Amino acid sequence: MKRFVMHYSILVFSIAVLAYLFDFLCGTHLQHLLLNVDFLIDYTKRTPSFAEEFFYHAITTSIIYIVFLQFAKTKLYTLALIGFTIFSSTALYFILLAQAVRPIATTPMDVIGWLIIHVIFAMLLYRYTKPHSEKRLL
């Protein structure tokens with residue numbers, strides 16, 4: 001359980017911190033898009049706090065982590081991880097952008113940053129869910 005919580009925490013914070021750093025260094029808008037919950041909340045009635053947006057992000061990450069812990073027990077693990085990486089690093093960007101109620105400027109650097117942070121997330125996900133990683137603490 002301790003390992004699960006530690007790995008989950010690293011997954012949740014790593015992608016958010018990477019998005020923030022990429023935004024800070026490159027002037028992109030990744031964190032805004034990553035924490036985008038426009039499709040869940042009517043922004044004409046209220047604006048969610050950063051904590052609420054981050055909470056939704058944490059829930060999504062927990063679902064992904066638990067699903068991949070289960071996939072790690074099957075022969076579909078590698079295929080699922082590759083599919084997830086391709087989807088989350090490409091198509092998901094444009095889906096979230098299209099659903100955004102609040103306008104989000106997009107540039108080629110935004111797309112590159114999104115790709116980079118999601119590939120890093122997928123590498124961490126692999127490290128923490130692959131079947132032979134059960135004895136590792138980090």
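The values are calculated or read from the model by the stated rules, or taken from the named source; none is laboratory data. Predicted model only: the values in this text are computed from it and were never measured. Note that we place each Cβ from the backbone using ideal geometry, even for glycine, and neighbour counts take in every protein chain shown.
Of the conditions (1) closer than 30 Å to residue 2 by Cα; (2) touching a residue at least 24 places away in the same chain (Cβ under 8 Å); (3) surrounded by 14 or more Cβ atoms within 10 Å (Cβ to Cβ), residue 73 clears all except one; give me its number.
Condition not satisfied by residue 73: (3).
Output the number of residues of segment 15-46 satisfying the condition of being in a loop (DSSP other than H, G, I, E, B) and either over 11 Å from the mean Cα position of the chain (by Cα) or on the phi > 0 side of the Ramachandran plot (or both).
Adding up the residues that qualify gives 14.
Any chance segment 40-63 includes a residue that's in contact (Cβ under 8 Å) with a residue 60 or more places away in the chain and not small (Gly, Ala, Ser)?
There is no residue in segment 40-63 that is in contact (Cβ under 8 Å) with a residue 60 or more places away in the chain and not small (Gly, Ala, Ser).
Counting only residues that are exposed (fewer than 15 other Cβ atoms within 10 Å of the Cβ), assigned to a helix (DSSP H, G or I) and at pLDDT below 85, how many does segment 95-121 have?
Number satisfying all stated conditions: 2.
Does residue 83 qualify as being over 21 Å from residue 10 (Cα atoms) and at pLDDT 90 or above?
yes
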